[in-house]
Amino acid sequence: MLLLRALLRRRRAPLAAPIPAAGFFTSSGCDALTPPPPPPLPRAPPAAEGTHDELGQQEDSLARRVERAASVCAAMRGWMAEGRAVHRGHVFHAVNRLRRHRLHRTALQVMEWIIRERPYKLSELDYSYLLEFTAKVHGISEAESLFLRVPQEYQKELLYNNLVMAALDLGLIKHSYAYMRKMRELSLPISQYVYNRMIILHSSPGRRKSISKILSQMKADRVTPHTSTYNILLKIQANEHNIDGVARVFNDMKRANIEPNEITYGILAIAHAVARLYTVCQTYVEAIENSMTGTNWSTLEILLILYGYLGKEKELKRTWEIMQGLPHIRSKSFILAIEAFGKVGSVDQAEKIWVNINSTKKLSLTEQFNSILSVYCRHGVVDKATAVFKEMRASGCEPNAITYRHLTLGCLKSGLVKEALNTMDMGKKEVVTKKVRSSTPWLETTHMLLENFAEIGDLENAKRVYGELSESKYCRNSFVFNTLLKAYVKAKVYEPDLLRTMILRGARPDAETYSLVRLIEQFKI
């Protein structure tokens, strides 16, 4: 903290121009970090040649040259040797592209070159980028040292906000609070993105109570929440399977007159789809369709998922055709498309996509094999699922807990109960991390197992599977407990206090619950 206090009290001589990078950067580095939200208060520089989108997409853009070249200096020299100037717009897109690909060290080298060579008049944004990537590559101490040496005229709002973000990205919350106090002293506005990052850092169950204090401080600092702020709050509630919480945050958003965007509606739609509230989900899907701007691949991926849930095969095919027309399709998009076509019952179409990626791409991810396994097993096509499992092992991909869960479901769907139980026991040997246990594929496949055990009246295994589900917030959905009640009905077994147990699990009984409880009471001796 002594260094921090010195930073906030003292001023050193600014950076001389030009200064070799070695003059203030060390050779030590740190592991790659998760990319932060967009930088605080970004200022889009004017494009020198064409639009911003064109600058980022051109095959021969400076962004791509820097990414592919042996060194940044070589890329810059090659670019200028062709008689081209290095404009601010080129650097803006190069840095953003490198950030997306987590090439932080390369991005830092780009900014070092800009500061050293000064191909255009430097601005606060250039120094903010330099500060951001210095912190990512060399740590907060180097970032603090750099901050002190930035010319006084640039030590303003953007640079301070990036310093706070750098500290938050490294989990140094006390440092960030100290910087924010200094910003208040200097009457510098604090960016919404700073508060967004603080909310994310406090989103774990043990720290979630602090979010209300962060929002109160945000209000005290007269910082208007951004749409992304409410999207984060919505996502936290959606991950908890708390539909009431989702509705409460969305109502707060409307009262604050904050305009929802595609991401907002996507979070709302998926939250309601997972909770099987398909009528409400359809409303938000229509909102996504009406608010779409261009062909945003992330929004198209959300629509793939939602059309799968809603069983809209026609719309699903149309969306996938649009995605196939994009310059690049992510591996994740293929996985989502296969799973979605499986949900609408279009096994043939899912197989076509699988054959396509199997012939054109190297299959190296367990998730890729799990996607087609989910389709075959959902429909009880065990022979094809077995063939894919063998191919998976032969390719060197290790099955995980979700893999065995799919195979167990496939056996049950085919009436192979003994094989299903053996497969489920095999899956128990796999480590089920908290992330896997809270993932939608694991939860939904496990619930389908519960449904199948309920159908055959296997109460013992139904209770066993429900016990696994009860470790997650997924059991807040009333239909999950209702499925367990169906197992009691089929097995003709009475058990008292079922309603009380359901309420204690955080679920709300509905009309189906009470009907099933009345049926169970018939078996009371």
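The values are calculated or read from the model by the stated rules, or taken from the named source; none is laboratory data. These numbers were taken from a predicted model, which means no experiment stands behind them. With ideal geometry, Cβ positions are generated from the backbone for all residues, glycine too; neighbour counts draw on all protein chains shown. Accessible surface is based on the protein model in full, side chains and every heavy atom, while ligands, DNA and RNA are left aside. Shrake-Rupley method; radii C 1.70, N 1.55, O 1.52, S 1.80 Å.
The table that follows gives values for the structure above.
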{"read-out": "Tally, over the range 271-282, of residues that are assigned to a helix (DSSP H, G or I), among the hydrophobic types (A, V, I, L, M, F, W, C) and under 18 Å from Met448 (Cβ atoms)", "value": "2"}
{"read-out": "Residue in the range 269-276 that is charged (D, E, K, R), open to solvent by 40 Å² or more (accessible area, probe 1.4 Å) and out of contact with any Ser or Thr (no Cβ under 8 Å at 6 or more places or on another chain) present", "value": "yes"}
{"read-out": "Pairs where the first residue, in the range 212-228, is more than 24 Å from Tyr265 (Cα to Cα) and the second is modelled with pLDDT of 90 or more and basic (Lys, Arg), C-beta under 9 Å, 6+ apart", "value": "Asp221/Arg184"}
{"read-out": "Yes/no for Ile305 being of a type outside the set (Phe, Trp, Tyr), touching a Ser or Thr at 6+ places or on another chain (Cβ under 7 Å) and either in contact (Cβ under 8 Å) with a residue 12 or more places away in the chain or in a helix (DSSP H, G or I) (or both)", "value": "no"}
{"read-out": "Test for Ser204: is it surrounded by fewer than 22 Cβ atoms within 10 Å (Cβ to Cβ), assigned to a loop (DSSP other than H, G, I, E, B) and on the phi > 0 side of the Ramachandran plot", "value": "no"}
{"read-out": "Cross-chain or 6+ apart pairs with Cβ under 9 Å, the range 105-123 first and on the phi > 0 side of the Ramachandran plot, then part of a loop (DSSP other than H, G, I, E, B) and surrounded by fewer than 21 Cβ atoms within 10 Å (Cβ to Cβ)", "value": "Arg118/Ala17; Arg118/Pro18"}
{"read-out": "Pair list, Cβ under 9 Å, 6 or more apart: the range 325-338 residue over 15 Å from Ile302 (Cα atoms), other residue of a type outside the set (Phe, Trp, Tyr)", "value": "Gly325/Thr295; Leu326/Thr295; Leu326/Leu300; Leu326/Ser333; Pro327/Gln57"}
{"read-out": "Number of the exception - Ser472 against (1) more than 28 Å from Gly308 (Cα to Cα); (2) of a type outside the set (Lys, Arg); (3) open to solvent by 10 Å² or more (accessible area, probe 1.4 Å)", "value": "(1)"}
{"read-out": "Residue match in the range 319-334 (condition: within 28 Å of Ile232 (Cβ to Cβ), open to solvent by less than 40 Å² (accessible area, probe 1.4 Å) and among the charged types (D, E, K, R))", "value": "no"}
{"read-out": "Some residue of the range 448-469 being outside any helix (DSSP H, G or I) and modelled with pLDDT under 90", "value": "no"}
